[in-house]
Amino acid sequence: MWQTTAIAHLQNQGWNNGIIHSRTLKFWGTSESGLAAKVDDFLKLENPTVAPYASDGVIKLRISAKAESLAAAEQLITPVAEKIKHIGGMDCFGADDDTLGHAVGRLLLKHQVTVSTAESCTGGGLGAMITAVPGSSTYFMGGIVSYDNAIKERLLGVSAQTLANHGAVSAPVAEHMAAGVRERLKTDWGISITGIAGPGGGSLQKPVGLVFIGIANRTEAWHIECRFGHRKSRDWIRLMSCNTALDVLRRALLGQPQAE
């Protein structure tokens, strides 16, 4: 079928001439439908074409151009990509092979600052994402996996009263974890995650999928509350928690006003 039909059809359409080159823009903090609505006019282009995709919370726009050469394809793609990045604003964190870890790393290097992590339900996953980027030892000093409340108290300085009054999965604990790891590891920034990844452990007040992310710098600490849904898998909740924490730090480094 490929030899007798598909190849002949593609050749008749002119697809055997020149090259097809693509660039993929990546976004976090928006939805596929929301982004598609903003760039609707670009989705109607014929060369280059723009197509939306989504996976594990990352929204992608693939811009593909057909041209005689790579340079010619880039000339078609670049102005479209720049306009879309402007529309996406701070939600656009990178392109092609970039991860949120890469985006955060570039900003930490740019500002010449360091970060440390304090994790509970993600068990070190956030630190793993940061250190997956080559050269991260320049800005990542280390992390503390404080699964047990005693570790939160002893190593991060979260008070027993705060834990008793609010519970380990709470905004105050997330903020104290972030501030505590920043102070103890002597970094410019601290980022923390505490939540309920499931499948058990949830309640009506605090369901599976409830996660608090804390962030602290030298002058203040704050948090965001996430509800990833009790029907999602444990691995998915942990992945979303880590990527969201990276995005919180990314936006803080870019100077975006605090979310909550």
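Every condition in (1) aliphatic (A, V, I, L, M); (2) in a helix (DSSP H, G or I); (3) within 19 Å of residue 221 (Cβ to Cβ) holds for residue 158 except the one numbered (2). Considering 177, 141, the condition of being without any contact (Cβ under 8 Å) to a residue 60 or more places away in the chain and part of a strand (DSSP E or B) is satisfied by 141 alone. In this structure, residue 55 does not satisfy being more than 25 Å from the chain's Cα centre (by Cα) and at pLDDT below 95.
Of all the listed residues (203, 192, 159), the sole one being in contact with a Gly (Cβ under 6 Å, 6 or more places away or on another chain), over 19 Å from residue 111 (Cα atoms), not assigned by TED's automatic domain parsing to the domain that holds residue 56 and not hydrophobic (A, V, I, L, M, F, W, C) is 192.
Residue 87 meets all of the listed conditions (1) surrounded by 18 or more Cβ atoms within 10 Å (Cβ to Cβ); (2) β-branched (Val, Ile, Thr); (3) outside the structural domain of residue 170 (by TED's automatic domain parsing) but one, namely (1).
The residues of the range 57-75 that are hydrophobic (A, V, I, L, M, F, W, C) and either surrounded by 19 or more Cβ atoms within 10 Å (Cβ to Cβ) or part of a loop (DSSP other than H, G, I, E, B) (or both), listed by number, are 59, 61, 63, 65, 67, 73. From the list 209, 167, 190, 180, which residue is farther than 15 Å from residue 126 by Cα, buried (at least 24 other Cβ atoms within 10 Å of the Cβ) and not hydroxyl-bearing (Ser, Thr, Tyr)? It is 180.
Report yes if residue 151 is free of Cβ contacts under 8 Å to residues at least 12 places away in the same chain and not in a loop (DSSP other than H, G, I, E, B), otherwise no. Considered against the rule, which asks whether it is free of Cβ contacts under 8 Å to residues at least 12 places away in the same chain and not in a loop (DSSP other than H, G, I, E, B), residue 151 comes out as yes.
Considering only the range 101-138, how many residues are in contact with an Asp or Glu (Cβ under 6 Å, 6 or more places away or on another chain) and part of a helix (DSSP H, G or I)?
Here is the first cut: in the range 101-138, the ones in contact with an Asp or Glu (Cβ under 6 Å, 6 or more places away or on another chain) are 113-114, 126.
Within this subset, residues satisfying the condition of being part of a helix (DSSP H, G or I) are 126.
Count: 1.
When 236, 222 are checked against the criterion of being part of a helix (DSSP H, G or I) and among the aromatic types (Phe, Trp, Tyr), 236 stands alone in meeting it.
The values are calculated or read from the model by the stated rules, or taken from the named source; none is laboratory data. Just so we're clear, the structure is a prediction, and the values are computed from it rather than from any experiment. Every residue, glycine among them, receives a Cβ derived from its backbone with ideal geometry; neighbour counts consider all protein chains shown.
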